[in-house]
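Heads up: the structure comes next, in structure tokens.
The values are calculated or read from the model by the stated rules, or taken from the named source; none is laboratory data. This structure is a prediction, so every number in the text was calculated from the model and none was measured. Because the Cβ atoms are built from the backbone with ideal geometry, glycine has one as well, and the counts that use them run over all protein chains shown. Areas reflect the complete protein model, heavy atoms only, side chains present, ligands, DNA and RNA absent. Shrake-Rupley method; radii C 1.70, N 1.55, O 1.52, S 1.80 Å.
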Amino acid sequence: MAPVRDVSGFEDARAHRPGKAVPEGHDPDERGHFGPYGGRFMPEALIAAQDELAAEYEKAQLDPEFVEELGRLLRDYAGRPSLLTEAKRFAEHAGGARILLKREDLNHTGSHKINNVLGQALLVKRMGKSRVIAETGAGQHGVATATACALLDLDCVIYMGEVDTKRQALNVARMRLLGAEVRPVNTGSATLKDAINEALRDWVTHVDDTHYLLGTAAGGHPFPVLVRNLHKVIGEEAREQTLALAGRLPDAVAACVGGGSNAIGIFHGFLDDPVRLVGFEAEGHGVDSGEHCATLTQGSPGTLHGARSYLLQDEDGQITEAYSISAGLDYPGVGPEHSWLKDSGRAEYQAVTDDEAMQAFRLLSRTEGIIPAIESAHALAGALRLGRELGPDGLIVVNLSGRGDKDMDTAANYFGLVPEADTAQEESR
């Protein structure tokens, strides 16, 4: 890959220091900084493409035709607004607090990812490019991207860690059926981080006709603010629906955090309200095991994939391997705005183990008849904690970011629900 040029203006941003004040305004500065985080640490060959994307997005936001077309697709194709469902039987295990589920799992393609890809795909058409590349971990972003490309007649290549292609085989089949080429990546840990590396290499080589449709609110400017804005609809709807259903704002909003796109989307609907914003990231086998993705609770500031943010890294600044039972959370970094919200104290972040998440996964399935994505199950486990803390007067909104169809192999093996697992367990006794 070409040498990386620092065009972030990071030296200026070092004047920012962590504090407890709520950030003033919610947009980054003109160079993409959220306080000391964000910016643009990218190969020289990609700077012009990112400038083009930023300029096109700025124009599109003021273009009634673009706004109307995106709104039409979100309403008539993706299925917005998504529902807000009260989970009464699930909440009985949360100290009696009321729990409301923002049902992004009911969107077309089964997750919140469709909000972002429809907006970026429309921008691709405006820029006159014909080819889209993307990365995916759990496959939800890959399926959503392949879907948007099929709809808008764009060539599509999806990079996916080889480990993830095996644990998310159903989504690989979906992407191929939709016409996308799926390229397994077997370098490094063969997971999401390595898929992003390969997608960036592809983008450098084919930047003239290709757009990198980034799936989370991370990467170099303008991706963090672009992806966030395309997901803000989640929080705006959730705020309005909660007021209509409960007659007041929630005490807390909970969401899972890997790269952080669904969390930043719902958080922004409540950022100016006296509402706790709590992100739950993957603790894997426990923070002391060294096998986790607890980036915000265990990491430290550094630079990865084009932006400065909290990362999992060693004393020499080398990125350490991440682990989670959830392919979608298996990432050693996080979006820069989450880092800023953490340091400012406006949002808080906690870690949830694999087992806690899987118990919440099963509990929601059995009490509400809703099988969540394992990513979302981390937020559900966190909501159980928050409910016990808040008590019966508490009101919590949980972003159910995706459905669990793609995770059935993992869940079936985890709980011993399939004959192969039964046999393996029997043989191990």
- Query: Among rounded, prolate and oblate, which fits region 282-429 when a ≥ b ≥ c are the square roots of the eigenvalues of its C-alpha gyration tensor, a/c under 1.5 means rounded, and a/b larger than b/c means prolate?
  - Reply: oblate
- Leaving ligands, DNA and RNA out of it, report the carbon-plus-sulfur percent of the accessible area of region 318-429 at a 1.4 Å probe. 47
- Task: Return the inverse of the average 1/r over all pairs of distinct C-alpha atoms in region 101-228, which is the Kirkwood hydrodynamic radius, in Å to one decimal.
- Result: 14.3
- Task: Specify the inter-centroid distance of region 152-203 and region 338-379, based on alpha-carbon positions, in whole Å.
- Result: 25
- Query: In the chain, what cysteines have no partner Cβ closer than 4.7 Å?
  - Reply: Cys256, Cys293
- Query: Over region 157-315, one equal point on each Cα, no solvent: what is log10 I(q)/I(0) by the Debye formula at q = 0.08, 0.10, 0.15 Å⁻¹?
  - Reply: -0.30, -0.47, -1.00
- Using the Karplus equation 6.51 cos²θ - 1.76 cosθ + 1.60 (θ = phi - 60°), what ³J(HN,Hα) coupling, rounded to whole Hz, does each residue of region 396-408 give in order, writing x for Gly and Pro? 10, 9, 10, 7, 7, 6, x, 8, x, 3, 5, 9, 5
- Shape call for region 94-168, from the Cα gyration tensor axes a ≥ b ≥ c (a/c under 1.5 means rounded, otherwise prolate when a/b beats b/c, else oblate), comes out oblate
- As straight-line cross-link partners of Lys342, the qualifying lysines (C-alpha separation under 20 Å, not fewer than 8 residues apart within one chain) are Lys20, Lys232
- Among the lysines, select those whose C-alpha is under 16 Å from the C-alpha of Lys406, and discard any that sit fewer than 8 residues away in the same chain. Lys113, Lys166
- Residues whose modelled amide H sits under 5 Å from the amide H of Val182, counting only those 5 or more places away in sequence or on another chain, are Ile158
- Task: Tally the DSSP beta bridges in the chain and give the antiparallel ones as a percent, rounded to 5.
- Result: 35
- For Arg366, Arg98, Arg228, what's the largest-to-smallest order of accessible area, 1.4 Å probe? Arg366, Arg98, Arg228
- Where a ≥ b ≥ c are root eigenvalues of the Cα gyration tensor, a/c under 1.5 meaning rounded, otherwise prolate if a/b exceeds b/c and oblate otherwise, the chain counts as rounded
